[in-house]
1. Pairs under 9 Å by beta carbon, first residue closer than 17 Å to ILE122 by Cβ in region 157-176, partner among the basic types (Lys, Arg) and not in a loop (DSSP other than H, G, I, E, B), six or more apart or different chains?
2. Take the residues in region 173-183 that are surrounded by fewer than 18 Cβ atoms within 10 Å (Cβ to Cβ) and in contact with a Gly (Cβ under 8 Å, 6 or more places away or on another chain); name whichever of them is farthest from SER152 (Cα to Cα).
3. I'd like the full set of residues that are acidic (Asp, Glu), under 25 Å from GLY77 (Cα atoms) and part of a helix (DSSP H, G or I), limited to region 151-200.
4. Select from region 93-143 the residues that are surrounded by fewer than 19 Cβ atoms within 10 Å (Cβ to Cβ), modelled with pLDDT under 95 and in contact with a Ser or Thr (Cβ under 8 Å, 6 or more places away or on another chain) and list them in ascending order.
5. Among the residues of region 107-138, which ones are without any contact (Cβ under 8 Å) to a residue 24 or more places away in the chain, small (Gly, Ala, Ser) and closer than 17 Å to GLU93 by Cβ?
6. Hey, can you tell me all the residues within region 112-131 that are under 18 Å from the mean Cα position of the chain (by Cα) and of a type in the set (Phe, Trp, Tyr)?
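The values are calculated or read from the model by the stated rules, or taken from the named source; none is laboratory data. Given the structure is predicted, the values throughout are model-derived calculations rather than measurements. Positions of Cβ are backbone-derived with ideal geometry, glycine not excepted, and every protein chain shown enters the neighbour counts.
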Amino acid sequence: MVDATASLRPSVLIPASACTALALSVIEAAIFHENFFISLIVFAGVLGAILLLARERLRWRQRLFDHIDDLADIERGTWGRFEGMAAELLRSEGYAQVIERGGFNRDFGVDIEAHKYGRKVIVQCRRWRNRVLGVAEVYQVAGVVARHKAASGILVTTGKFTHPAKQEAPHCHIELIEGPQLVERLRKAGLIPSPRLEVGPERT
C-alpha cells in the first residue's frame, strides 16, 4: 500500500549559527530586562500551544487516507475529511498556500482557497451520494469566485455533473471534478492505493 503520509512529515534543520545568535540574544535580554523571565514563560507557553496544535493538525492530515481505497470509502467519511482529502490533492498537484476554510470557519461558500502560478483559486466541496450537480451549482461557484476576485474555481463532488454543467463550466472558469475522476487523481498522486489486480490460477 502506498504511504500517503510520507510527504506530510515535517523536517526542520536549524543552522548552528542561528542557535548561537539566539542564545546570545537570550543572555542579553536576561541581563538588561527585569521582566525577561516572565516574558520568557509567556512566550514558551504560547509557543508550546502552537506546536501542540501543529502536531495534532499533522496527525489529522496523516490519518485522512486511512482505510480509503475507493469512492464508497470517501462517501462514508465525514464532510470535513472529504474537504481535507481535496486539500491534500491540491497540494500534491502543485497548489500553494492551500487553506481550508470549511467547518466553523466557512467563508461565504469558500471551502478551500489555493494558489497556483500566483493566481487565487476558490474550491467548493460537495460530498453528496448519488447526487447529480447541474448548471445552477456551476453558476453558484462562479459567483463566489467573482465575489472573492479569484482567477478561477474548482467544484469537487463525490457525485456527478450533468452534461450542460460540463459544457458551461469552462466558460465560467470552473474546473469540475466528479467522483470517479477524484478517485483517479488521488491514486495518481499516490494518496490512495490503486486497485489490486486479481491473478487467476496458472494454466498447465
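1. Filtered contacts from region 157-176: THR157/ARG126; LEU176/LYS166.
2. Result: GLU175.
3. GLU184
4. ARG126, TRP128, ARG129, ARG131, VAL132
5. GLY118
6. Answer for region 112-131, where residues must be under 18 Å from the mean Cα position of the chain (by Cα) and of a type in the set (Phe, Trp, Tyr): just TYR117.
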